[in-house]
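Okay, structure first, notes after.
The values are calculated or read from the model by the stated rules, or taken from the named source; none is laboratory data. The shown structure was predicted, so the numbers you read here are calculated from the model rather than taken from an experiment. Using ideal geometry, Cβ is built from the backbone for each residue, glycine included, and neighbour counts are taken over all protein chains shown. These area figures cover heavy atoms from the full protein model, side chains too; ligands, DNA and RNA do not enter into them. Shrake-Rupley method; radii C 1.70, N 1.55, O 1.52, S 1.80 Å.
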Amino acid sequence: MNPFDYRRAEDAAGAVATVAADPRAMFLGGGTNLVDHLKLGIVDPDLLVDVTRLLPDGVEPLPDGGVRIGAGMRNSDLAADPLIRRRYPVLSQALLSGASGQLRNAATTGGNLLQRTRCVYFQDVTMACNKRRPGSGCSAFGGYTRYHAILGASEHCIATHPSDMAVALSALDATVVVQGTDGERRVAMTELHRLPGDAPERDTVLRHGDLITAVELPDLPFAARSRYRKVRDRASYAFALVSVAAAVDLSDGVIREARIALGGVAHKPWRATRAEAELRGARPTEETLRAAAEAELAEARPVEGNEFKPTLARNTLVATLRDLVEEERTR
Amino acid sequence: MASTSTRAPVGLSSVTRDGIGASPRRPDGTLKVTGEFAYSSDMWMEDMLWGATLRSPHPHAEILGIDVSGALRLPGVYAVLTHEDVPGEKRYGLEYRDQPVLAFGKVRYKGEPVAIVAADHPETARRALERIKVDYRVLEPVSDARRAALDPDCPLVHEEGSLPLHEEHNQRGNRVRYQPIRTGAFADGASVEEVRALADVVVTGEYEVGMQDQAFLGPESGLAVPAEDGGVDLYIATQWLHVDQRQIAPCLGLPADKVRLTLAGVGGAFGAREDLSMQIHACMLALHTGKPVKFVYNREESFFGHVHRHPATMRYEHGAKRDGTLVYATMEIVLDGGAYASATPAVVGVASSLGIGPYEVPHVSVDAYGVYTTNPPCGAMRGFGAVQACFGYESQMDRLAAELGMDPVDLRIKNAVSQGSRIITGQEIDMPMPMAEMLRRAREMPLPPDRSSLPAPSDPRTLPGGVANTSHGEGIVRGIGYGVGLKNLCFSEGFDDYSTARVRLEVVGGEPAVTVHTAAAEVGQGLVTVKGQIARTELGVERVTILPSDTRVGSAGSSSASRQSYMTGGAVKTACEAVRERVFALVRERGLVEDGHPDALLSLSGGKVVSAAEGVLISLADLLGGEAIEETREYHHRPTQMLDPSRGQGSSHTQFGMCVHRAVVDVDVELGLVKVVALDAVQDVGKVMHPQQLAGQIQGASAQGLGLALMEEIQVHDGVIRNPSFTDYLIPTILDTPPMRIDVLEHPDPHAPYGLRGAGEPPTLSSTPAIVAAVRNATGRPLTHAPVRPEDIVGIDPPQG
């Protein structure tokens, strides 16, 4: 780790101005990802601006029926929040399935969204990686790819986004509130993260110096029965091979609306719009659920070493939807 | 301690507490659970320097040049050393001397040490590493172990003629050791085709065991302090002080007595500290700079700094009569030893001799290969050689049972070894081996309740996949599986193994007190407690002090092969007996008993000398006064033999241990998630020395086997470890670990002290195949690779269209 300056920011505007003005400055939130990267030599900033004290860290109801989550809110606090647990259980479940207790106590909402891929080639600075060193190539092809993408990847990068929380937020149509040098703006959660294309070094649409200050969830009554499921190699503290966040609005035996996102399969939380479209107006039988999942995964392109992922993703999606439908029926 | 008296000793107020069979508190227990115990990484000296290691970025490359000048110019750097600075022998090794202290000529694995630095701060040292320029010519990695074993055209990892060859191990080319075993018709030259004709039913199988890490919590660390006599004192977390000393001294060009080692606090070992890591490096830098030098590896470096469990590929064929009687078995196992031999020869010796497990089979052919590749070096890990083979032969027994339509336990009982059986090396099992009874006991243990009989909703933590990704219990299939493992305990194959103990009895503050001094490594297993228990039992004195382990006393041998209770326990017992004889001699000298009073009628208890006939004769305090009695003894186990290199015959093992596991799993077959519901064990330990520590050993070994069954695997691609962290290399957490019922048997081994058997390894063998068998039972999948992953259970759909 190389020396860097540390500054605790007093207000958001000042923090943004400081970081935006210095290409070698970075924001420091909970540090659970950034500090690892400092040690591994993945990033080498001159200045860390600590924003944990200035960011809001609570959940507040909004007049339009939605809620606003402060970007400084710790993952464990957010998971335990009564309002979130009652109205958006998928978010609470996703948070609790991520990392370990100690990490959740430190990690923030904003930082969780901006955590970087766990691709082992990204983390090994001796290897070529287009995300870490643009143009150097991608070492993942032909390598250890169990955790790599099957949807929306490019020849330049097959990394996945590691967050569980972000998958739930994507399904819930969250909005990210961003403070930039020219004021506040709002970015749809589904638009925040990018597909790799030919610029995998850019994880999100944010500009250098942009600071996430809050995340807003819309009023979504049927999300009160939502669910997050995650397939991984051990029962806790492991990244997703595949995960699914889903909410289903079911009435009179017909699916009116569905919100679905997949984790562990793409460079961003993968909003499953095709599956949602298939399900809208459908009667939830095993066949229709499976058809929806297969429609979503029709474009899946596994690489050597993760050929199993389309099957596992389909099964997980079907199982999650089936769970929700059963829950609705027996309610 | 045998007493022929029927009378209670007169005047003896209390017996000695906390002897063998009790569960006294560990002397280091409180410090460890309160965080106050000093581990090796906590060592500190005011003027010490920090060492750091430059490691090869390539699995295989020629070193064209090393330029350290940039590093030397960095302020705060005291020394930068390469192979040219090694004062003595350039190579060391546990069994073969083939590993460079610092690489010269070539690097043979990614992570191999090339240069070392001492600086005033760890960060300075790290930066100095970045300034060392090494010019490499990258070579093609030799990464396919099977090819290394069998293809004569495979490039060599070690150049022809560069190392002396071990003929007794059939060492040749990339083969570190090749051990064939031939019995029955195979010994007479029969072909497989001929032998196969004797069987009604034949099953074949190919199995793989992944590379497992020992995953100790305390990374490698040590502190070397230069001494005024030109020698060095090394404080180090290791498993065997004297074998370290034996390897370090020649490389430093020093006599052994100038390289003094003291055991520092060990944060787990499991075999990973058998080989040297930074020992020689720290000593070189300390001697070069004249200052103490401390090394601490971080977690990532630790993955490159120690050996791992050999990954194995196995091919089996078993033939049986229709009634299940085994007729023949063939086995080929290839163990990937990586760049240097480490413990590979011994691993091959175990994997071959125990290759078909605890079964009576008249005709056997085994071919076991341990090979050099440019993969990470592999060596000792709990249960080595036997763990890999056990996964293979137990998988085969299940496959055979299915083919025969037999109950898997019945098939095992039908072919089980027992006392008097011979294993495939011709060695007789000359100690109790109640395998059939153990299997019956495992089968008869109560089963956990079926999920369907539980009131819904059941606790999500008990469902496959843990809390956040569970089913409601529908679609979950239960499976049951069994595993039996046969393990050699103590060192094998002709090694004259021994341990040394020095025991001192004296009066301190008016009370008798015992001091026990050995060089044995306490690696967390609790030997430090057991040594005290033995001294209390043998000398009847409760106040026992265990001195720090160091090389001022003779070798204790390694804390491995489940051997320390047996060997160092035996040494402490023997030394105590010698002390006791001198006490009794003193009793006679003082005229406290008549001449000719047999020792057998005397005993020590509650700090007093007791006669079976007359009760308490005198207190030890009064008897000894200011006199101290000290005795040092070496304890040797009975001799063993080498395996002959052509047919693998010979009584190579000291002792056998066995554990039987029954695993119960719930599997979500749709998502590929496994929950181990129960993992119950039956083990014969000969004699329970410390019930609580024994339970810890069995539970821990079972959990380590669970890890290998379901999640633990170092991912090596093109010779490079891809998951060197505890975030990416997964070991079981408490959420993955089921309740464990343990049934302990005590059939004494007549050859061993107290009849005990080493207990720490056998459960590591049997737990893995039992769990995988249970998952197969639930899913019907073949599951030939350990660990089993979700995708192995879910499978892959055939491509659409």
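So which helices (runs of 4 or more DSSP H) are wholly in region A:245-331 and hold at least 1 residues that are crowded, with 20+ Cβ neighbours inside 10 Å and within 13 Å of chain B (Cβ to nearest Cβ)?
A:286-297, A:309-329
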Reported set for region B:737-790 where residues are within 14 Å of chain A (Cβ to nearest Cβ) and assigned to a helix (DSSP H, G or I) is B:771, B:775, B:779, B:790
Considering each of B:486, B:505 in turn, give the residue that is more than 31 Å from the chain's Cα centre (by Cα) and surrounded by 21 or more Cβ atoms within 10 Å (Cβ to Cβ).
B:505
Single residue of B:397, B:381 found to be buried (at least 21 other Cβ atoms within 10 Å of the Cβ), modelled with pLDDT of 95 or more and not in a helix (DSSP H, G or I)
B:381
Which is within 24 Å of residue B:346 (Cβ to Cβ) and touching a His at 6+ places or on another chain (Cβ under 7 Å), of B:98, B:144?
B:98
Please verify whether residue B:715 is more than 27 Å from residue B:563 (Cα to Cα), surrounded by fewer than 20 Cβ atoms within 10 Å (Cβ to Cβ) and under 22 Å from the mean Cα position of the chain (by Cα), treating the condition exactly as stated.
yes
Name the residues in region B:407-422 that are open to solvent by less than 50 Å² (accessible area, probe 1.4 Å) and in contact with a Leu (Cβ under 9 Å, 6 or more places away or on another chain), would you?
B:408, B:409, B:411, B:412, B:413, B:415, B:416, B:417
Yes or no: region B:724-736 includes at least one residue that is within 14 Å of chain A (Cβ to nearest Cβ), touching a strand residue (DSSP E or B) at 6+ places or on another chain (Cβ under 8 Å) and part of a helix (DSSP H, G or I).
yes
Name the strands (runs of 3 or more DSSP E) wholly inside region A:142-236 in which the number of residues that are of a type outside the set (A, V, I, L, M, F, W, C) and open to solvent by 20 Å² or more (accessible area, probe 1.4 Å) is 3 or more.
A:183-188
Members of region B:553-600 that are among the hydroxyl-bearing types (Ser, Thr, Tyr) and either surrounded by fewer than 24 Cβ atoms within 10 Å (Cβ to Cβ) or in contact with a helix residue (DSSP H, G or I) (Cβ under 9 Å, 6 or more places away or on another chain) (or both):
B:555, B:558, B:559, B:562, B:565, B:566, B:568, B:574
Checked A:77, A:124 against criteria (acidic (Asp, Glu) and under 18 Å from the mean Cα position of the chain (by Cα)); the one match is A:77
Taking the stated definitions as given, is residue B:797 touching a residue at least 40 places away in the same chain (Cβ under 8 Å), open to solvent by 10 Å² or more (accessible area, probe 1.4 Å) and within 14 Å of chain A (Cβ to nearest Cβ)?
no
So which residues in region B:709-723 are part of a loop (DSSP other than H, G, I, E, B) and more than 8 Å from chain A (Cβ to nearest Cβ)?
B:712, B:713, B:719
Name the residues in region B:732-763 that are touching a Pro at 6+ places or on another chain (Cβ under 7 Å) and open to solvent by 50 Å² or more (accessible area, probe 1.4 Å), would you?
B:747
Apart from one, (1) under 24 Å from the mean Cα position of the chain (by Cα); (2) within 14 Å of another protein chain (Cβ to nearest Cβ); (3) β-branched (Val, Ile, Thr) all hold for residue B:674; the odd one out is (1)
Set B:246, B:260: member being under 21 Å from residue B:498 (Cα atoms), open to solvent by 40 Å² or more (accessible area, probe 1.4 Å), over 22 Å from the mean Cα position of the chain (by Cα) and not aliphatic (A, V, I, L, M):
B:260
Is region A:113-124 home to any residue that is part of a loop (DSSP other than H, G, I, E, B), over 22 Å from residue B:722 (Cβ atoms) and free of Cβ contacts under 8 Å to residues at least 24 places away in the same chain?
no
So how many residues does region A:1-52 have that are touching an Asp or Glu at 6+ places or on another chain (Cβ under 8 Å), open to solvent by 50 Å² or more (accessible area, probe 1.4 Å) and away from chain B (no Cβ under 14 Å)?
6
If you go through region B:284-301 one residue at a time, do you hit one that is among the small types (Gly, Ala, Ser), under 27 Å from the mean Cα position of the chain (by Cα), assigned by TED's automatic domain parsing to the domain that holds residue B:50 and at negative phi?
no
Criterion (under 30 Å from residue B:40 (Cα atoms) and either under 31 Å from the mean Cα position of the chain (by Cα) or of a type outside the set (Gly, Ala, Ser) (or both)) met by exactly one of B:219, B:152, B:164, B:180
B:219
I'd like the full set of residues that are open to solvent by less than 30 Å² (accessible area, probe 1.4 Å), assigned to a loop (DSSP other than H, G, I, E, B) and modelled with pLDDT under 95, limited to region B:607-639.
B:612
Would you mention how many residues in region B:674-702 are closer than 17 Å to residue B:481 by Cβ and either open to solvent by 20 Å² or more (accessible area, probe 1.4 Å) or in a strand (DSSP E or B) (or both)?
9
